[in-house]
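The structure appears below as structure tokens.
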Amino acid sequence: MDPVIVVGAGPVGLALALALARHDVPSVVLDGGDGEVEQRTARTCVLRPDTAAYAATLGGSRWAAWRTERRHQPVRRVELDSRTSPVHIQQYALERSMRAALEREPLAEVVTGARLDELEQDGRGVSAHTRGVPGSAGTWWRGSHLVGCDGARSTVRKLLGIRFPGRTSVERHAVAALRVELPWDGEALLHRDVPGGEDEVVARPLPNGVWRLDWLLPPRGDLVTPDALLARIRDTLSAWCEEVPPYELLDTGVHISHQRLARHWRSGRAFLAGDAAHLLGALGTQPVDEGLRDAANLAWKLALCRNGRAPEELLDSYEAERRGAVGARLRALDQALPLVRGGGGLRTLLPGASRGHLELLTDGHLGRGPLGAPPCYGRSPLAPGRDAVPGALAVGTEPGSPVRDVPVTALDGTRGRLWERLGRDLLVLLVAPGTHVWDSRHWLSAGLMPELASVVERLPVPAELLVTEGYPGAVAHTALVIRPDGHLVTALPGAGTGELRACVEAVRGAPAGETAATGP
């Protein structure tokens, strides 16, 4: 079968190709550049803990705490650990890590110097034409589907004729990457009303003693000259350290946040993801993080449809879920910006607004609340109805929300963490206290395990059965059904094997009464 064509070799396009390979789906990544990743130290991204686990990034920095200060006074300090801290990483390091992984992946091919200029679709696939060197005819590529991960100025989006409304220059920040010793070892800082005249500065540590500093600028103002930026660095460091400590300036820039949302994310067999589909970044929201969620959401759906295990209608849920989630994030930003940046705000409409400006900013940076929390797909078209799961149980995770990371054991006795198993098949996680102390040969033949294992093996989509000692809010013998992208479908009594199959039918987007072949 033809591969999936991925247009764009930034973090989202590379992540999608890796995700497709984990589902045994071949892909070709059309990279308009020369394959070299520009080393910009000040260009970084913050990944939420679950997204970082899914992306399997190497390197990066986790924070020991998040501090907020106003003028000279500490306001709050949030303790963080390896399970709650985001991962702060230079974007070039993330891209190089992904490219290295793709070089070892036989199912993925990255083609450099391939600039898309034409796109055609028919009932069986997509044809994409890329320009060649001057004087050549270029190349046609054939794929089952095509995904535009080609950034804010997406050629794919323009060729599909999809509008991209929104606002420009919502926030502007002067940015600098420094190697310097600051008073907070491994702790990130949000400082409002900084002595010396700055309205807001954010300092976030990176590996090897490097810090990224962001100074809030007027949305539309004068250009930031090198001398003005150096003055900001000196004034800020002297406010924090009483005098300017020795530092090495590694990189600088100006980061501009826009807010845009494509009208549609699917057109036939072509899709949009990442900055091609949405732009955000104000108040600590993270565009790369959202783009990686796009890739995780779309990859498993493409795999099921290509393999004939789900109808094409399943792919409609990508736009419904991801565009709905990003749209909600952008609405929260619209409501929070007047409150945080001055001029009032819609306090009654934005959950958590009454806690204050600094709390809202903290939410955005740490991945909490309406500005930062992982999305919940509770109203997804894939959510099974009450008729399908009449015996559904309540656990510590709402249906549609990302699952917690707990220790798990596979049927072959392999032990690990739940998040390590994501990104492949559907998961059925049985809460079975006591299994940790027994060899899997003993509990595999005990209680409801034989029947449950047999049912999971015959489900209409590939699925893996795991066991865990406990899950927050779950009683013994609860079975959690978990999508490949880590979102909880529902929780059932372990003996409810009939409801389990009905639940999986809903997840694969099958119309009522339709059944899938269970063979390979």
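With both bridge residues required to lie in the chain, what share of the DSSP beta bridges run antiparallel, to the nearest 5%?
70
For the chain, take the longest principal axis of its alpha carbons; what is the angle in degrees between that and the long axis of helix 287-306, to the nearest 10 within 0 to 90?
20
Scan around Ala474 for amide H atoms under 5 Å from its own, H built in the peptide plane at 1.01 Å from N, and keep only partners 5 or more places away or cross-chain.
Long-range HN contacts for Ala474: Gly396.
Can you give the FRET efficiency to the nearest 0.05 for Arg142 and Ala320, using r as the Cβ-Cβ distance and R₀ = 25 Å?
0.35
Net charge around Asp34, counting only other residues with Cβ within less than 15 Å of its Cβ (Lys, Arg = +1; Asp, Glu = -1)? Intermediate values should be presented prior to the final figure.
Working: positive: Arg96, Arg99, Arg115, Arg131; negative: Asp31, Glu36, Glu38, Glu95.
Combined, the nearby Lys, Arg, Asp and Glu give 0.
Hey, got the dipole for the chain? About the Cα centre, +1 on K and R Cβ, -1 on D and E Cβ, debye to the nearest 20?
The dipole magnitude comes to about 900 debye.
Could you tell me which label, among [x] 35.1, 105; [y] 21.9, 68; [z] 24.0, 73, carries the value of Rg and Dmax of the Cα atoms in Å calculated for this structure?
Matching the structure shown: [z].
Quantify, in whole percent, the carbon and sulfur part of the accessible surface of segment 137-218 (1.4 Å probe; protein heavy atoms only).
Of all accessible area on segment 137-218, carbon and sulfur atoms account for 47 percent.
Using the charge dipole of the chain (Lys, Arg: +1 at Cβ; Asp, Glu: -1 at Cβ; taken about the Cα centre), state which of Gly473, Leu283, Ile162 has its Cα farthest towards the positive end.
The one lying farthest along the dipole's positive direction is Ile162.
Quick one: which residues, 5+ away or cross-chain, put their amide H under 5 Å from the amide H of Thr44? H built at 1.01 Å from N.
Gln91
Amide H of Asp251 versus every other amide H placed in the peptide plane: which residues, excluding those fewer than 5 positions away on the same chain, fall under 5 Å?
Excluding prolines and chain starts, which carry no amide H, the hits are Ala177.
Please give the helix 497-507 orientation as an angle from the longest Cα principal axis of the chain, in degrees from 0 to 90, rounded to the nearest 10.
It is inclined by approximately 50 degrees.
Using a probe radius of 1.4 Å on heavy atoms only, what accessible surface per residue do you get for the chain? Whole Å² is fine.
43
The values are calculated or read from the model by the stated rules, or taken from the named source; none is laboratory data. Computed from a predicted structure; not experimentally measured. Note that we place each Cβ from the backbone using ideal geometry, even for glycine, and neighbour counts take in every protein chain shown. For the accessible areas, the whole protein counts, side chains as well, though only heavy atoms, and no ligand, DNA or RNA atoms are used. Shrake-Rupley method; radii C 1.70, N 1.55, O 1.52, S 1.80 Å.
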